[in-house]
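Single-structure report; data block below.
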Amino acid sequence: METSDRLANNPKVLIIEDDKSLVKYVKHLLESNGYLTDYAYNGASGIAKVKKFKPDIILLDVMMDVMDGFKVAEHLKDEVTTKFIPIIMLTSKADTVDKVRGLNCGIDDYIVKPFETNELLARIASLLSKKKNFEKFAEDEKIKTLKNVVASVNHEINNPLTAIMIAVEALLIKYKDHDYVTDKLKIISNNSTRIKEIISELDRVQKIITKEYYSDVDILNLNNRR
């Protein structure tokens, strides 16, 4: 197996920092510890890279050209697709004002430069662990909600659906010599059966897996339930 394949599931860290020597150092440090990395040298490029790289965590410098770290954080935390990505702010000073402003922007943690490598690695590992726990909790809540919806659907739809299917079977017997009528009744019967199967499939869902429907809309993929 290729090295890139083995690392495909490793956590991804995006470094947004204008100090190229620091980026090189941090990139080497993280990759030596099994992380996949990418980088950007300014805030605007960093935002674009987030959408392309889809990092699990972001290391974000405060003072940068084009767009500073606070504005980057505000932008990412305002976006639905990026708001839950943990951000560690890299700052060259430990001013309380900057810390408070960072927290107000949605920063999850901060570290003062120059920093100890072990501290950086520990903070990254800690936030990734919290992110994983949050994602598991969110997934469990989605499944719980889905189960409640399915129970309601079973209750509200199964009885009338069963009555429709019984009526269709009776009509199929009565009009067995009428090809046009029986063809239409078979369509109703087959689709009623499919509705019952979908309800049963929903009840067996153990993990929320979606697929693209149209535009930016995703729907539940019943063919990949686990």
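The values are calculated or read from the model by the stated rules, or taken from the named source; none is laboratory data. All values derive from a computational prediction rather than experimental measurement. So basically every Cβ, Gly included, is an ideal-geometry build from the backbone, and we count neighbours across all protein chains shown.
Structure summary
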{"item": "Test: residue in segment 111-127 that is under 22 Å from the mean Cα position of the chain (by Cα), within 30 Å of Asp218 (Cα to Cα) and either assigned by TED's automatic domain parsing to the domain that holds His28 or of a type in the set (Gly, Ala, Ser) (or both)", "result": "no"}
{"item": "Flag for Lys71 being closer than 18 Å to Asp18 by Cβ, within 26 Å of the chain's Cα centre (by Cα), modelled with pLDDT of 90 or more and surrounded by fewer than 20 Cβ atoms within 10 Å (Cβ to Cβ)", "result": "yes"}
{"item": "Some residue of segment 142-164 being in contact (Cβ under 8 Å) with a residue 24 or more places away in the chain and either more than 30 Å from Asn191 (Cβ to Cβ) or not in a helix (DSSP H, G or I) (or both)", "result": "no"}
{"item": "Number of the exception - Ser21 against (1) farther than 26 Å from Asn133 by Cβ; (2) surrounded by 15 or more Cβ atoms within 10 Å (Cβ to Cβ); (3) of a type in the set (S, T, N, Q)", "result": "(2)"}
{"item": "Flag if Asn118 is in a helix (DSSP H, G or I), touching a residue at least 40 places away in the same chain (Cβ under 8 Å) and farther than 20 Å from Gly46 by Cα", "result": "no"}
{"item": "Verdict on Thr82 being in a loop (DSSP other than H, G, I, E, B) and either touching a Pro at 6+ places or on another chain (Cβ under 6 Å) or of a type in the set (Ser, Thr, Tyr) (or both)", "result": "yes"}
{"item": "Residue that is surrounded by the fewest Cβ atoms within 10 Å (Cβ to Cβ), among those in segment 31-64 that are assigned to a helix (DSSP H, G or I) and of a type in the set (A, V, I, L, M, F, W, C)", "result": "Ala48"}
{"item": "Of all residues in segment 46-68 being at negative phi and more than 24 Å from the chain's Cα centre (by Cα), the one that is modelled with the highest pLDDT", "result": "Asp61"}
{"item": "Residue match in segment 137-151 (condition: closer than 26 Å to Asp98 by Cβ and among the aromatic types (Phe, Trp, Tyr))", "result": "no"}
{"item": "Residue check for Phe134: at pLDDT below 90 and under 19 Å from the mean Cα position of the chain (by Cα)", "result": "yes"}
{"item": "The one condition in (1) part of a helix (DSSP H, G or I); (2) surrounded by 11 or more Cβ atoms within 10 Å (Cβ to Cβ); (3) under 26 Å from the mean Cα position of the chain (by Cα); (4) not hydroxyl-bearing (Ser, Thr, Tyr) that Leu90 fails to fulfil", "result": "(1)"}
